[in-house]
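This report concerns only the one structure given below.
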Amino acid sequence: MHQYLEALEAIIECGEDVSDRTGVGTRTIFGYQMRFNLMESFPAVTTKKLAWKSVVGELLWFLEGSTSDSRLAEITHGDKTKNTIWTANANKQGKALGYTDGELGPVYGSQWRNFNGDGVDQITTIIDQIKNDPDSRRIILSAWNPSQIDIMTLPPCHTMCQFRVINGRLSCQLYQRSADMFLGVPFNIASYSLLTHMLAQICNVQVGEFIWTGGDCHIYNNHFDQVQQQLERIPTRKSPLLMMPEFTNLDQLLSTKTTDYTLIGYNPMDSIKAPMAV
């Protein structure tokens, strides 16, 4: 994950200080890219602890098409009353939109499995494309739906990704319009890398690369101390390997649990806490 540490350094050294929606303020660069070879290892940050259980839980939540924070808590923690990484958004923006009981509006899962409420299931379409038209350059997954942005608790930060099969290896490139580099991006890299592994297994192909492309890449002003602490840590620990359960179709995947997914050899340094801007 040296690529990620280099990105943090680039923003600290070359970024510009700007205001933002949350009122916290950020140091920002516009446009950055990182590449990770999924054939060699799994890109989990080791200079702090990745919230792996939450990564898996949120991805399973997206894939089943859910938009309820309580359902996310049930998938991740086995308890609908627990807080999740979406709870603050549900309590602030969700309530402002009139949603109750942790409903978040037509966010990622809704767009992935029922785009615009019109019955377009992008995930099953992507699986069919990878299996039956692997040379296609049109294998796209989009969470950005302009007609429903105003009724989403949080408009998608990771807006769309493209999958490409080259020589039997499935790669994924994500475009993230808004990238919280300290808290969010390590989580997002792990999430879409895991999604690539899942789809590759269902479609009986190998994994290739995960390419992360960011738009507004920022460090919040109240994260500077934490970023400096992380950059002072020497990244000597190896990246882990991913172990997944066996599944050959989407229904079988959706019957899996967070505990079925393991990072073998993951020995990260201690967590570094930081406030989330909402």
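Each DSSP beta bridge with both residues in region 102-231 is either parallel or antiparallel, and the antiparallel ones are about 55%. Simple rule: put +1 on each Lys or Arg Cβ and -1 on each Asp or Glu Cβ in the chain, find the dipole, and look at SER66, VAL45, PRO146; the Cα lying farthest toward the positive end is VAL45. Full extension of the chain between SER255 and MET276 yields a length gain of 4.5 nm, computed as 0.36 nm times the residue separation minus the alpha carbon distance. Lysines near LYS80 by alpha-carbon distance under 19 Å, same-chain residues fewer than 8 away left out - which ones? Counting by Cα, and skipping residues close in sequence, LYS80 has these lysines nearby: LYS53, LYS92, LYS95, LYS257. Using a Gaussian network model on the chain with a 10 Å cutoff between Cα atoms, which of PHE62, PHE247, PHE210 fluctuates the most? Comparing PHE62, PHE247, PHE210 in a Gaussian network model of the chain, the most mobile one is PHE247. Straightening the chain between ASN114 and TRP144 buys 9.5 nm, computed as 0.36 nm per residue apart minus the Cα-Cα spacing. Sparsely packed loop sites in region 196-278 (the GluC sites (Glu not before Pro) outside DSSP H, G, I, E and B with at most 14 other Cβ atoms within 10 Å) comprise GLU232, GLU246.
Run the helix sum for the chain: -39,500 (n - 2.57) per DSSP H stretch of 4+ residues, divided by residue count, reported at 222 nm to the nearest 500 deg cm²/dmol. That calculation yields -9000 deg cm²/dmol at 222 nm. Taking THR196, THR76, THR259 in turn, the Gaussian network model of the chain (Cα-Cα springs below 10 Å) assigns the largest fluctuation to THR259.
Taken about its Cα centre, region 2-264 carries a charge dipole of about 340 debye when Lys and Arg each add +1 at the Cβ and Asp and Glu each add -1 at the Cβ.
If you take every DSSP beta bridge fully contained in the chain, what fraction is antiparallel? Give it as a percent rounded to 5. In the chain, approximately 75 percent of DSSP beta bridges are antiparallel ones. Stretched out straight at 0.36 nm per residue, the stretch from VAL24 to ASP128 would grow longer than its current Cα-Cα span by 33.1 nm.
Between THR196, GLN173, SER110, whose Cα lies farthest towards the positive end of the dipole of the chain when Lys and Arg beta carbons carry +1 and Asp and Glu beta carbons carry -1, centred on the Cα centre? Of THR196, GLN173, SER110, it is THR196. Look at where the Cα atoms of region 207-240 and of region 104-150 average out, and the two centres are 28 Å apart. Considering only ARG233, ARG27, ARG169, the Gaussian network model of the chain with Cα springs below 10 Å gives its largest mean-square fluctuation to ARG233. In this structure, ASN267 and LEU231 have a Cβ-Cβ separation that, at R0 = 25 Å, corresponds to a calculated FRET efficiency of about 0.80. For region 101-164, applying the loop criterion from DSSP together with a ceiling of 12 other beta carbons within 10 Å to the trypsin sites (Lys or Arg not before Pro) yields ARG137, ARG138.
Every read-out reported here was derived from the displayed coordinates using simple, explicitly stated rules and does not represent laboratory data. This is a predicted model, so every value here is computed, not measured. Neighbour counts run over all protein chains shown; Cβ positions are idealised from the backbone, glycine included.
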